[in-house]
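Participant: Got a structure here, written out as structure tokens. Questions coming.
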Amino acid sequence: MNIDKLANDKGQQWIYKLTAPKRKLIVLCENLDFLRRPTRPRKNNVELWYAGGTNTPKLIYEVDLIDVPIFYSCDWNHDGLNIFLRVKELLPMIKLLTPISQPIKLSDTPNHHSYWKELDEEKFREIPHETLCEDHKKVVFKLIGDRAWLREEDSDLIEMLAREGAI
């Protein structure tokens, strides 16, 4: 066939969706945990998407399929919030969910490898209010100062959505 090189489409291969036939909203999750517990989201007409953590470029193909509000749920750490910023560029209508879990010290999670960087506080301070509101920034600055993070699956998804007024 004389093919010298095949395209590397690894980042465009798949997106998992926990569909809800009468969806009222979508939650894009950084991790798979919420998709493994489908009963409450489906009961509340919440469709869950998982694109593979940092593997988000494929979301550009979903823009025209979004006909309901869309939210983002993630770990609140260096990597999770930076993934959100990339997703926000692809899906400008997406809103970040505020976690309702207790912070975890980075020193208490030795297998966790997303550490705050030296310039993160300055970087997050400069992010526009439409992307990261002042309440979000306060949480981020506290996490950075305390060298802590918030794990996505420690929050109650339905409660987070209720606090947003989404359900």
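Participant: Out of all the residues in segment 108-153, which are of a type in the set (Ser, Thr, Tyr) and either closer than 19 Å to LEU85 by Cβ or in contact with a Gly (Cβ under 6 Å, 6 or more places away or on another chain) (or both)?
Facilitator: Once the filter is applied, which keeps residues that are of a type in the set (Ser, Thr, Tyr) and either closer than 19 Å to LEU85 by Cβ or in contact with a Gly (Cβ under 6 Å, 6 or more places away or on another chain) (or both), segment 108-153 yields SER114, TYR115, THR131.
Participant: Is it the case that some residue within segment 66-89 is hydrophobic (A, V, I, L, M, F, W, C) and at pLDDT below 95?
Facilitator: no
Participant: Answer yes or no as to whether ASP64 is farther than 15 Å from GLU152 by Cβ and either among the hydrophobic types (A, V, I, L, M, F, W, C) or not in a loop (DSSP other than H, G, I, E, B) (or both).
Facilitator: yes
Participant: Do you know which residues across segment 67-83 are more than 16 Å from GLU153 (Cβ to Cβ), without any contact (Cβ under 8 Å) to a residue 40 or more places away in the chain and surrounded by 15 or more Cβ atoms within 10 Å (Cβ to Cβ)?
Facilitator: ASN82
Matching residues to (1) surrounded by fewer than 20 Cβ atoms within 10 Å (Cβ to Cβ); (2) touching a Lys or Arg at 6+ places or on another chain (Cβ under 7 Å); (3) in contact (Cβ under 8 Å) with a residue 12 or more places away in the chain:
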position: LEU35; (1), (2), (3): yes, no, yes
position: THR39; (1), (2), (3): yes, no, no
position: ASN44; (1), (2), (3): yes, no, yes
position: TYR50; (1), (2), (3): no, no, yes
position: ASN55; (1), (2), (3): yes, no, yes
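Participant: Another question, then. Output the helices (runs of 4 or more DSSP H) that fall wholly within segment 103-167 and possess 2 or more residues being acidic (Asp, Glu), or say none.
Facilitator: Passing ranges, in order: 120-125, 134-146.
Participant: Further question on the same structure: Do we have any residue at all in segment 61-72 that's within 25 Å of GLY145 (Cβ to Cβ) and under 10 Å from the mean Cα position of the chain (by Cα)?
Facilitator: Yes, some residue in segment 61-72 is within 25 Å of GLY145 (Cβ to Cβ) and under 10 Å from the mean Cα position of the chain (by Cα).
Participant: Out of (1) without any contact (Cβ under 8 Å) to a residue 60 or more places away in the chain; (2) under 27 Å from HIS112 (Cα atoms), the odd one out for GLU30 is which?
Facilitator: (1)
Participant: Further question on the same structure: Which of the residues spanning segment 134-166 are over 16 Å from PHE34 (Cα atoms) and surrounded by 15 or more Cβ atoms within 10 Å (Cβ to Cβ)?
Facilitator: If the condition is that a residue be over 16 Å from PHE34 (Cα atoms) and surrounded by 15 or more Cβ atoms within 10 Å (Cβ to Cβ), then HIS136, LYS137, VAL139, VAL140, LEU143, ILE144, ALA148, TRP149, GLU164, ALA166 are the ones that fit.
The values are calculated or read from the model by the stated rules, or taken from the named source; none is laboratory data. Predicted model only: the values in this text are computed from it and were never measured. Using ideal geometry, Cβ is built from the backbone for each residue, glycine included, and neighbour counts are taken over all protein chains shown.
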